[in-house]
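*Asks:* Structure in structure tokens, see below.
The values are calculated or read from the model by the stated rules, or taken from the named source; none is laboratory data. Bear in mind the structure is a predicted one, so any value in this text is a computation, not a measurement. Please note: Cβ atoms are built from the backbone with ideal geometry, for glycine as well, and neighbour counts cover all protein chains shown.
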Amino acid sequence: MSGFLNVLINDICLLLAVAFFTLLERKVLGYIQGRKGPNKVGLMGIFQPFADAIKLFSKERLLVTVVNFFFFFFSPIFSLFLALVLWFLIPVWASTFVFSVFSVFIFLCVSSLSVYATLIAGWASNSKYALLGGLRAVAQTISYEVSMVLILLGLVFLLGSYSFFCYGLFQKKFFFFLVCMLSFIVWLVTVLAETNRAPFDFAEGESELVSGFNVEYGSGAFALLFLAEYGSILVMSVFSSVLFVGGSGLVLFCFFFGVMISFFILWVRGSFPRMRYDRLMALTWKGFLPFSLNFIFFSIFLVWIF
């Protein structure tokens, strides 16, 4: 019972964090673009996320008759479920044996399943625009997962463990990103591509795909997709902090570093335009893939020396 209550509280914390992260995004984009952010609902717009939630969940649900009904509504639920499961893997509160010992494996398995949620959403909509957005997201996510997994394997070779707890214990006095600064930069760019954020937001290319894979979604279903997307941004930011800063010895510093990574993602969105799709794919296969392979050899060389 206590374990279920712990999971429920953690998931509620993630949903609240997503709500105020959207407010932070609007404020940051407002200052970057030289305009005001949301400041009408409550003091400094503090109740704007709740107003948006009420608006989305109270809207009339319009069902397109040609959609595949079950998969159309299963995809948003499945996408949000994956984000909540990843949030529970953070080593601050993942205390069970399986999560503590094999947490890296579970992270890779669960994060790779997010591709299917996007693909199912695009396919089940029975719309050409949605299907094109889903296919582009699948190609992009699978391509960048290769470099992400290889960088993570390089860190595993350095540490010799598959547990996220060990990353925190090892980095109490020494941080990985001081030695692996280039790998940390490549990891951040990969996180941007994995979460479909600008300048890699090709799954939601409004200029050529109307709205991407979620074009047929509205009201509550769109809200679930929205929560899943921003939840994955926060989860990947905290995991980046765990991998390169640590998460057990310096918990507050770990979460502060995660907030800084989230702010960096917002900053990039307000500063850079969308890339060309061929350059996006060339970046990972011609740039990140050779670098991540060399990083694995570098990690093995360091382990062999020390």
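The rows are residues; the columns are (1) modelled with pLDDT under 90; (2) touching a Phe, Trp or Tyr at 6+ places or on another chain (Cβ under 9 Å); (3) not hydroxyl-bearing (Ser, Thr, Tyr).
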residue: 155; (1), (2), (3): no, yes, yes
residue: 159; (1), (2), (3): yes, yes, yes
residue: 164; (1), (2), (3): yes, yes, yes
residue: 176; (1), (2), (3): yes, yes, yes
residue: 182; (1), (2), (3): no, yes, yes
residue: 197; (1), (2), (3): yes, no, yes
residue: 207; (1), (2), (3): yes, no, no
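*Asks:* Also, quick follow-up: Report, ordered by the first and then the second residue, all pairs with beta carbons closer than 9 Å, sequence separation of six or more or different chains, a first member in segment 206-219 that is at positive phi, and a second member that is modelled with pLDDT of 70 or more and among the charged types (D, E, K, R).
*Replies:* 212/136; 212/201; 212/204; 219/59; 219/60; 219/61
*Asks:* Output the helices (runs of 4 or more DSSP H) that fall wholly within segment 243-306 and possess 2 or more residues being over 24 Å from residue 137 (Cβ atoms) and free of Cβ contacts under 8 Å to residues at least 60 places away in the same chain, or say none.
*Replies:* In segment 243-306, the matching helices (runs of 4 or more DSSP H) lie at 251-271, 289-305.
*Asks:* Among residues belonging to segment 60-79 that are among the polar types (S, T, N, Q) and under 20 Å from the mean Cα position of the chain (by Cα), point out the one that is nearest to residue 123 (Cα to Cα).
*Replies:* Ranking the qualifying residues of segment 60-79, first place goes to 75.
*Asks:* At least 2 residues that are of a type in the set (Gly, Ala, Ser) and either buried (at least 19 other Cβ atoms within 10 Å of the Cβ) or in contact with a strand residue (DSSP E or B) (Cβ under 9 Å, 6 or more places away or on another chain) (or both) in each: list the helices (runs of 4 or more DSSP H) lying fully within segment 21-128 that qualify.
*Replies:* 69-88, 103-124
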